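Worksheet: one structure, shown below.
Derivation of every value follows stated rules applied to the coordinates shown; laboratory data play no part. As the structure is a computational prediction, the values presented were derived from the model and not from experiment. All Cβ positions, even for glycine, are placed from backbone atoms using ideal geometry, and neighbour counts span all protein chains on display.
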Amino acid sequence: MDVAFRRATRRDSAAALQVVDRALHDYGMAALPETSDRDLADLEQHYDARGGCFELLELGGEVVGVLGWRPAGDGVIELKKLYLLAAARGRGLGRRAVARVIDAARAAGARAIVLETSLRLTDANQLYQKLGFVPVQGTAAVSFATLSDQCDLAYRLELA
């Protein structure tokens, strides 16, 4: 599968929000641009300026997913966004996206990666667990010690 990971700019904010919203709708949820998804309003400010990265996943020139990560402090990387449209799921793109974050985290000298998700996102939860992420709470969840509006689970992957 010939997927392109393209670094996003402010001009891509609307497309990113649309992907997140469409992906969440498949699970009875929606993007929350005023709260949990306000980072999508200015990708460069919320990712690049903080030492992170936000990418669009493209197949045949069409945006089919988003991937965003940034430092969470104390040697931890926060996987903030990973969403795929329904047509892109089940093709190994999620695994490839997480591998990119793991590689970036290791290159940055990070010791762990954290993320938050919803129990409703069953495929994502299975993927994270297969890749060695474990459920965590409190200080082990770092930036996700307090979960956002639609999320009820935090994961952590130690990079030792």
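Here is how the numbers come out for the structure above:
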| item | result |
| --- | --- |
| Near-label residues of the range 117-139 by backbone N, under 15 Å of a point 7 Å along Cα→Cβ of LEU32 | 117-121 |
| Vicinal HN-Hα couplings computed from phi for the range 129-137 (Karplus, 6.51 cos²θ - 1.76 cosθ + 1.60; Hz; Gly/Pro x) | 5, 4, 8, x, 6, 10, x, 9, 9 |
| In nm, spacing of pseudo-spin labels at ARG22 and ARG111 (7 Å Cα→C-beta vector) | 4.1 |
| Amide H within-cut-off set for VAL136, under 5 Å, with H built and near neighbours excluded | ALA154, TYR155, ARG156 |
| Equivalent ellipsoid semi-axes - Cα gyration tensor, the chain, angstrom | 21, 17, 17 |
| Modelled FRET efficiency - R0 25 Å, LEU119 with ALA99, Cβ distances, 0.05 increments | 0.60 |
| Contour minus Cα-Cα distance for LYS130 and GLU58 (0.36 nm per residue) | 23.5 nm |
| Angstrom value of the Kirkwood radius, inverse mean 1/r, which spans all Cα pairs in the range 91-160 | 12.4 |
| Cα→Cβ-extended label distance, 7 Å offset, between GLN45 and ARG11, nm | 2.0 |
| Karplus (6.51, -1.76, 1.60) ³J(HN,Hα), θ = phi - 60°, over the range 64-72, in Hz, Gly and Pro reported as x | 10, x, 9, 8, x, 9, 7, x, 10 |
| Other-chain or far-sequence residues with amide H under 5 Å of GLU55's (modelled H) | ALA8, LEU67, GLY68 |
| Cα extents of the range 52-114 along the three principal axes, largest first (Å) | 37, 17, 16 |
